[in-house]
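Right, one structure below, let's go through it.
The values are calculated or read from the model by the stated rules, or taken from the named source; none is laboratory data. All values reported here derive from a predicted model rather than from experimental measurement. Cβ placement follows ideal geometry from the backbone for every residue including glycine, while neighbour counts extend to all protein chains displayed. Heads up: the accessible areas ignore ligands, DNA and RNA and are worked out on the full protein's heavy atoms, side chains in. Shrake-Rupley method; radii C 1.70, N 1.55, O 1.52, S 1.80 Å.
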Amino acid sequence: MQALADVILPVFLIIGFGYVARWRNLITDSQVDGVVWFTQTFAIPCLLFVAIARLDLGQEFNWRLLVSFYTGAVAGFALGFWGARLIFKRDWEDCVAIGFVALFSNSVLLGLPITERAYGADALAPNYAIIAIHSPICYAIGITTMELIRNRGGRLRDSAVRVFAAMFRNALVIGIGLGFIVNLTGLPMPGVVDQALDMMVRAALPAALFGLGGVLYLYRPEGDLRTIGYVVALSLVVHPAITFGLAHAFGLSTESMRSAVVTAAMAPGVNAYVFANLYGRARRVAASSVLIGTAGVIVTGWVWLQILP
(Lines give C-alpha, C1' and ligand atoms only; values in the text may rest on other atoms or scores of the structure.)
Protein backbone atom coordinates (compact mmCIF):
# COMPACT_ATOMS: atom_id res chain seq x y z
CA MET A 1 0.00 0.00 0.00
CA GLN A 2 2.98 2.30 0.49
CA ALA A 3 3.61 2.36 -3.27
CA LEU A 4 0.00 3.36 -3.82
CA ALA A 5 0.28 6.26 -1.38
CA ASP A 6 3.78 7.45 -2.29
CA VAL A 7 3.93 6.83 -6.03
CA ILE A 8 0.52 6.68 -7.69
CA LEU A 9 -1.79 8.84 -5.59
CA PRO A 10 0.25 12.09 -5.87
CA VAL A 11 0.03 11.82 -9.67
CA PHE A 12 -3.72 11.27 -9.52
CA LEU A 13 -4.13 14.04 -6.98
CA ILE A 14 -2.90 16.54 -9.58
CA ILE A 15 -5.27 15.00 -12.15
CA GLY A 16 -8.01 15.27 -9.53
CA PHE A 17 -7.30 18.97 -9.01
CA GLY A 18 -7.90 19.54 -12.72
CA TYR A 19 -11.05 17.39 -12.69
CA VAL A 20 -12.55 19.17 -9.67
CA ALA A 21 -11.58 22.60 -11.00
CA ARG A 22 -13.56 21.91 -14.19
CA TRP A 23 -16.41 20.17 -12.34
CA ARG A 24 -16.88 23.14 -10.02
CA ASN A 25 -16.56 25.62 -12.91
CA LEU A 26 -13.38 27.17 -11.50
CA ILE A 27 -12.06 26.90 -15.05
CA THR A 28 -13.89 26.76 -18.36
CA ASP A 29 -13.62 24.33 -21.26
CA SER A 30 -11.66 26.92 -23.24
CA GLN A 31 -9.20 27.34 -20.37
CA VAL A 32 -8.74 23.57 -20.15
CA ASP A 33 -8.16 23.54 -23.90
CA GLY A 34 -5.55 26.27 -23.41
CA VAL A 35 -3.64 24.25 -20.80
CA VAL A 36 -3.79 21.12 -22.98
CA TRP A 37 -2.73 23.09 -26.06
CA PHE A 38 0.25 24.59 -24.19
CA THR A 39 1.43 21.24 -22.87
CA GLN A 40 0.82 19.19 -26.03
CA THR A 41 2.18 21.81 -28.44
CA PHE A 42 5.07 23.29 -26.45
CA ALA A 43 5.90 21.90 -23.01
CA ILE A 44 5.77 18.13 -23.69
CA PRO A 45 7.57 18.47 -27.08
CA CYS A 46 10.30 20.44 -25.24
CA LEU A 47 10.52 17.69 -22.60
CA LEU A 48 10.86 15.01 -25.29
CA PHE A 49 13.35 17.11 -27.26
CA VAL A 50 15.61 17.55 -24.21
CA ALA A 51 15.31 13.88 -23.19
CA ILE A 52 16.16 12.53 -26.66
CA ALA A 53 18.93 15.10 -27.24
CA ARG A 54 20.65 13.97 -24.01
CA LEU A 55 19.91 10.24 -24.32
CA ASP A 56 22.74 7.74 -24.78
CA LEU A 57 21.26 6.17 -27.91
CA GLY A 58 23.76 3.32 -28.11
CA GLN A 59 23.06 2.21 -24.56
CA GLU A 60 19.34 2.86 -24.16
CA PHE A 61 18.00 1.78 -27.56
CA ASN A 62 18.00 -1.87 -26.58
CA TRP A 63 16.11 -4.00 -29.10
CA ARG A 64 14.97 -6.37 -26.31
CA LEU A 65 13.36 -3.48 -24.47
CA LEU A 66 11.59 -2.19 -27.57
CA VAL A 67 10.46 -5.63 -28.78
CA SER A 68 9.09 -6.47 -25.31
CA PHE A 69 7.03 -3.28 -25.17
CA TYR A 70 5.88 -3.01 -28.78
CA THR A 71 4.98 -6.68 -29.19
CA GLY A 72 2.50 -6.15 -26.35
CA ALA A 73 1.27 -2.90 -27.92
CA VAL A 74 0.74 -4.43 -31.37
CA ALA A 75 -0.94 -7.46 -29.80
CA GLY A 76 -3.31 -5.04 -28.05
CA PHE A 77 -4.12 -3.38 -31.36
CA ALA A 78 -4.78 -6.72 -33.07
CA LEU A 79 -6.93 -8.01 -30.20
CA GLY A 80 -8.81 -4.71 -30.02
CA PHE A 81 -9.38 -4.65 -33.77
CA TRP A 82 -10.56 -8.25 -34.13
CA GLY A 83 -12.44 -8.26 -30.82
CA ALA A 84 -14.40 -5.20 -31.96
CA ARG A 85 -15.22 -6.98 -35.22
CA LEU A 86 -15.91 -10.53 -34.09
CA ILE A 87 -17.27 -10.01 -30.57
CA PHE A 88 -18.95 -6.61 -30.73
CA LYS A 89 -19.85 -6.59 -34.46
CA ARG A 90 -18.50 -3.07 -35.13
CA ASP A 91 -17.82 -1.88 -38.65
CA TRP A 92 -14.25 -1.93 -39.96
CA GLU A 93 -13.45 1.74 -39.33
CA ASP A 94 -14.73 1.52 -35.75
CA CYS A 95 -12.50 -1.54 -35.33
CA VAL A 96 -9.41 0.47 -36.24
CA ALA A 97 -10.28 3.24 -33.78
CA ILE A 98 -10.95 0.71 -31.00
CA GLY A 99 -7.72 -1.13 -31.78
CA PHE A 100 -5.86 2.18 -31.55
CA VAL A 101 -7.25 2.75 -28.05
CA ALA A 102 -5.70 -0.54 -26.92
CA LEU A 103 -2.46 0.32 -28.76
CA PHE A 104 -1.73 3.81 -27.41
CA SER A 105 -0.60 3.77 -23.77
CA ASN A 106 -0.33 7.05 -21.88
CA SER A 107 3.46 6.77 -21.85
CA VAL A 108 4.18 10.43 -21.09
CA LEU A 109 1.52 11.85 -18.75
CA LEU A 110 1.21 8.70 -16.62
CA GLY A 111 4.20 6.50 -17.45
CA LEU A 112 6.86 9.13 -16.79
CA PRO A 113 5.65 10.51 -13.44
CA ILE A 114 4.78 7.08 -12.01
CA THR A 115 8.14 5.60 -13.04
CA GLU A 116 9.97 8.64 -11.67
CA ARG A 117 8.17 8.53 -8.34
CA ALA A 118 8.64 4.76 -8.03
CA TYR A 119 12.28 4.44 -9.10
CA GLY A 120 13.76 7.95 -9.32
CA ALA A 121 14.59 10.36 -12.15
CA ASP A 122 17.67 8.32 -13.12
CA ALA A 123 15.39 5.41 -14.05
CA LEU A 124 13.69 7.25 -16.92
CA ALA A 125 16.16 6.62 -19.75
CA PRO A 126 14.42 3.39 -20.92
CA ASN A 127 11.08 5.25 -20.77
CA TYR A 128 12.43 7.87 -23.14
CA ALA A 129 13.73 5.18 -25.50
CA ILE A 130 10.17 3.77 -25.68
CA ILE A 131 8.59 7.22 -25.99
CA ALA A 132 11.01 8.28 -28.75
CA ILE A 133 9.31 5.96 -31.23
CA HIS A 134 5.91 5.63 -29.54
CA SER A 135 3.95 8.26 -31.46
CA PRO A 136 5.55 7.44 -34.85
CA ILE A 137 4.90 3.70 -34.49
CA CYS A 138 1.38 4.01 -33.08
CA TYR A 139 0.24 6.65 -35.56
CA ALA A 140 1.86 4.73 -38.43
CA ILE A 141 -0.09 1.59 -37.47
CA GLY A 142 -3.37 3.37 -36.81
CA ILE A 143 -3.37 5.81 -39.72
CA THR A 144 -2.05 3.26 -42.22
CA THR A 145 -4.70 0.70 -41.27
CA MET A 146 -7.48 3.29 -41.32
CA GLU A 147 -6.41 4.76 -44.65
CA LEU A 148 -6.07 1.33 -46.24
CA ILE A 149 -9.60 0.42 -45.10
CA ARG A 150 -11.07 3.77 -46.17
CA ASN A 151 -9.17 3.75 -49.45
CA ARG A 152 -9.96 0.20 -50.51
CA GLY A 153 -9.31 0.02 -54.20
CA GLY A 154 -7.33 3.28 -54.15
CA ARG A 155 -3.62 3.79 -54.70
CA LEU A 156 -1.29 2.78 -51.84
CA ARG A 157 0.93 5.79 -52.62
CA ASP A 158 -1.92 8.19 -51.83
CA SER A 159 -2.47 6.52 -48.47
CA ALA A 160 1.25 6.69 -47.69
CA VAL A 161 1.31 10.43 -48.37
CA ARG A 162 -1.60 11.00 -45.99
CA VAL A 163 0.07 8.85 -43.31
CA PHE A 164 3.33 10.80 -43.39
CA ALA A 165 1.58 14.17 -43.59
CA ALA A 166 -0.52 13.37 -40.51
CA MET A 167 2.44 12.05 -38.52
CA PHE A 168 4.78 14.95 -39.16
CA ARG A 169 2.24 17.61 -38.26
CA ASN A 170 2.26 16.20 -34.72
CA ALA A 171 4.21 18.44 -32.31
CA LEU A 172 5.38 15.46 -30.25
CA VAL A 173 6.90 13.81 -33.33
CA ILE A 174 8.56 17.10 -34.29
CA GLY A 175 10.08 17.47 -30.81
CA ILE A 176 11.37 13.89 -30.89
CA GLY A 177 12.77 14.35 -34.41
CA LEU A 178 14.63 17.53 -33.48
CA GLY A 179 16.01 15.78 -30.40
CA PHE A 180 17.43 13.02 -32.60
CA ILE A 181 19.03 15.59 -34.90
CA VAL A 182 20.80 17.32 -31.99
CA ASN A 183 21.84 13.98 -30.47
CA LEU A 184 23.22 12.47 -33.67
CA THR A 185 24.98 15.62 -34.91
CA GLY A 186 26.39 16.67 -31.55
CA LEU A 187 25.08 20.17 -32.19
CA PRO A 188 25.97 22.27 -29.11
CA MET A 189 23.12 24.00 -27.31
CA PRO A 190 23.81 27.52 -25.94
CA GLY A 191 23.59 27.64 -22.15
CA VAL A 192 20.74 30.15 -22.17
CA VAL A 193 18.69 27.86 -24.44
CA ASP A 194 19.41 24.89 -22.18
CA GLN A 195 18.21 26.84 -19.15
CA ALA A 196 15.05 27.99 -20.90
CA LEU A 197 14.28 24.44 -22.00
CA ASP A 198 14.84 23.14 -18.46
CA MET A 199 12.32 25.68 -17.16
CA MET A 200 9.79 24.58 -19.75
CA VAL A 201 10.42 20.92 -18.93
CA ARG A 202 9.76 21.48 -15.22
CA ALA A 203 6.34 22.88 -16.08
CA ALA A 204 5.44 20.14 -18.55
CA LEU A 205 4.22 17.19 -16.48
CA PRO A 206 2.37 19.02 -13.65
CA ALA A 207 0.56 21.27 -16.14
CA ALA A 208 -0.21 18.32 -18.41
CA LEU A 209 -1.60 16.25 -15.53
CA PHE A 210 -3.79 19.16 -14.41
CA GLY A 211 -5.04 19.63 -17.97
CA LEU A 212 -5.69 15.90 -18.27
CA GLY A 213 -7.97 16.11 -15.23
CA GLY A 214 -9.98 18.88 -16.87
CA VAL A 215 -10.25 16.91 -20.10
CA LEU A 216 -11.36 13.73 -18.31
CA TYR A 217 -14.32 15.60 -16.81
CA LEU A 218 -15.75 15.77 -20.33
CA TYR A 219 -15.38 12.01 -20.90
CA ARG A 220 -18.24 10.68 -18.80
CA PRO A 221 -19.04 7.02 -19.66
CA GLU A 222 -22.11 6.54 -21.83
CA GLY A 223 -23.05 3.12 -23.16
CA ASP A 224 -20.77 0.60 -24.92
CA LEU A 225 -19.63 -0.58 -21.49
CA ARG A 226 -18.75 -4.11 -22.63
CA THR A 227 -16.55 -2.79 -25.41
CA ILE A 228 -14.97 -0.23 -23.07
CA GLY A 229 -14.28 -2.89 -20.43
CA TYR A 230 -12.68 -5.11 -23.06
CA VAL A 231 -10.37 -2.37 -24.33
CA VAL A 232 -9.40 -1.25 -20.82
CA ALA A 233 -8.52 -4.85 -19.91
CA LEU A 234 -6.27 -5.06 -22.97
CA SER A 235 -4.51 -1.85 -21.93
CA LEU A 236 -4.11 -2.48 -18.21
CA VAL A 237 -3.65 -6.26 -18.11
CA VAL A 238 -2.84 -7.88 -21.47
CA HIS A 239 -0.26 -5.38 -22.76
CA PRO A 240 1.82 -5.30 -19.56
CA ALA A 241 1.50 -9.08 -19.12
CA ILE A 242 2.95 -9.71 -22.60
CA THR A 243 5.69 -7.15 -21.98
CA PHE A 244 6.51 -8.68 -18.60
CA GLY A 245 6.74 -12.18 -20.07
CA LEU A 246 8.96 -11.12 -22.96
CA ALA A 247 11.17 -9.02 -20.69
CA HIS A 248 11.79 -12.13 -18.58
CA ALA A 249 12.40 -14.28 -21.65
CA PHE A 250 14.91 -11.78 -23.07
CA GLY A 251 16.69 -11.35 -19.75
CA LEU A 252 16.14 -7.59 -19.62
CA SER A 253 17.84 -5.69 -16.82
CA THR A 254 15.68 -4.83 -13.82
CA GLU A 255 15.73 -1.14 -14.77
CA SER A 256 14.59 -1.75 -18.35
CA MET A 257 11.94 -4.24 -17.28
CA ARG A 258 10.48 -1.75 -14.82
CA SER A 259 10.24 1.01 -17.43
CA ALA A 260 8.78 -1.29 -20.08
CA VAL A 261 6.13 -2.86 -17.85
CA VAL A 262 5.10 0.36 -16.07
CA THR A 263 4.71 2.13 -19.41
CA ALA A 264 2.78 -0.82 -20.86
CA ALA A 265 0.48 -0.84 -17.82
CA MET A 266 -0.72 2.72 -18.35
CA ALA A 267 -4.24 3.60 -19.49
CA PRO A 268 -5.03 4.66 -23.06
CA GLY A 269 -3.71 8.16 -23.69
CA VAL A 270 -5.79 11.15 -24.73
CA ASN A 271 -4.32 10.69 -28.21
CA ALA A 272 -6.56 7.62 -28.49
CA TYR A 273 -9.56 9.96 -28.37
CA VAL A 274 -7.81 12.43 -30.68
CA PHE A 275 -7.40 9.63 -33.24
CA ALA A 276 -11.03 8.50 -32.89
CA ASN A 277 -12.24 12.08 -33.18
CA LEU A 278 -10.02 12.69 -36.22
CA TYR A 279 -11.89 9.99 -38.12
CA GLY A 280 -15.24 10.37 -36.34
CA ARG A 281 -15.28 6.69 -35.33
CA ALA A 282 -15.89 5.01 -31.92
CA ARG A 283 -15.48 8.34 -30.11
CA ARG A 284 -17.59 7.29 -27.11
CA VAL A 285 -15.56 4.10 -26.66
CA ALA A 286 -12.28 6.01 -26.92
CA ALA A 287 -13.29 8.82 -24.57
CA SER A 288 -14.75 6.56 -21.90
CA SER A 289 -11.81 4.15 -22.13
CA VAL A 290 -9.41 7.02 -21.41
CA LEU A 291 -11.43 8.01 -18.33
CA ILE A 292 -12.12 4.54 -16.92
CA GLY A 293 -8.65 3.27 -17.77
CA THR A 294 -7.00 6.24 -16.08
CA ALA A 295 -9.02 5.64 -12.92
CA GLY A 296 -8.22 1.92 -13.13
CA VAL A 297 -4.47 2.58 -13.09
CA ILE A 298 -4.79 3.53 -9.41
CA VAL A 299 -5.39 -0.17 -8.69
CA THR A 300 -3.70 -2.03 -11.55
CA GLY A 301 -0.64 0.24 -11.50
CA TRP A 302 -0.17 -0.58 -7.82
CA VAL A 303 -0.48 -4.31 -8.58
CA TRP A 304 2.19 -4.13 -11.29
CA LEU A 305 4.53 -2.18 -9.00
CA GLN A 306 4.16 -5.02 -6.45
CA ILE A 307 4.91 -7.67 -9.07
CA LEU A 308 8.00 -5.94 -10.46
CA PRO A 309 11.37 -6.61 -8.82
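Can you give the accessible area per residue of the chain, in Å², using a 1.4 Å probe?
Accessible surface, normalised per residue, equals 44 Å².
Leaving out ligands, DNA and RNA, and with a 1.4 Å probe, what % of the accessible surface on the chain is carbon or sulfur?
Ligands and nucleic acids excluded, carbon and sulfur give 64 percent.
Where Lys and Arg each count +1 and Asp and Glu each count -1, what net charge lies around L65 among other residues with Cβ under 14 Å from its Cβ?
Local charge sum for L65: -1.
Once Rh is set to the Kirkwood radius over Cα pairs, what Stokes-Einstein translational diffusion coefficient, in µm²/s, holds for the stretch 1-98 at a temperature of 10 °C and a viscosity of 1.306 mPa s?
89 µm²/s
Can you work out the Karplus-derived ³J(HN,Hα) for every residue in the stretch 82-98? Use 6.51 cos²θ - 1.76 cosθ + 1.60 with θ = phi - 60°, whole Hz, and x for glycine or proline.
For the stretch 82-98, the Karplus-derived couplings read 6, x, 4, 7, 8, 8, 9, 6, 7, 6, 4, 5, 4, 4, 5, 4, 5 Hz, x marking Gly and Pro.
How large is ³J(HN,Hα) for each residue in the stretch 109-121, as worked out from phi by the Karplus curve 6.51 cos²θ - 1.76 cosθ + 1.60 (θ = phi - 60°), to whole Hz, x for Gly and Pro?
6, 10, x, 5, x, 6, 4, 5, 5, 7, 10, x, 5
Could you order peptides 50-62, 247-259 by the average number of other Cβ atoms within 10 Å of their residues, highest first?
Output ranking for 50-62, 247-259: 247-259, 50-62.
Counting only helical runs of four or more DSSP H residues, what would the 222 nm mean residue ellipticity of the chain come to if each run contributes -39,500 (n - 2.57) and the total is spread over all its residues?
Computed mean residue ellipticity for the chain: -24000 deg cm²/dmol.
Residue by residue through the stretch 55-60, which ³J(HN,Hα) values in whole Hz follow from phi under the Karplus form 6.51 cos²θ - 1.76 cosθ + 1.60 (θ = phi - 60°), with glycine and proline marked x?
Going residue by residue, I get 6, 7, 4, x, 8, 8 Hz, with x marking Gly and Pro.
Once the convex hull of the C-alpha atoms of the stretch 36-150 is built, how many Å³ does it hold per residue, rounded to a whole number?
129 Å³
Can you bin the chain into rounded, prolate or oblate? Criterion: square roots of the alpha carbon gyration tensor eigenvalues sorted a ≥ b ≥ c, rounded for a/c under 1.5, prolate for a/b above b/c, oblate for the rest.
rounded
Taking one equal scatterer on every alpha-carbon of the stretch 162-309, how large is log10 of I(q)/I(0) by Debye at q = 0.10, 0.12 1/Å?
Calculated log10 I(q)/I(0) at the listed q: -0.50, -0.71.
Which whole-number percentage describes the relative contact order of the chain, with Cα contacts under 8 Å and a sequence gap of 6 or more?
Dividing the mean separation by the residue count of the chain yields 34 percent.
Can you give me the orientation-averaged projected area of the convex hull built on the Cα atoms of the stretch 227-309, in nm²?
5.5 nm²
Could you tell me the ratio Rg/Rh of the stretch 74-134? Both radii from Cα atoms, Rh via Kirkwood.
1.18
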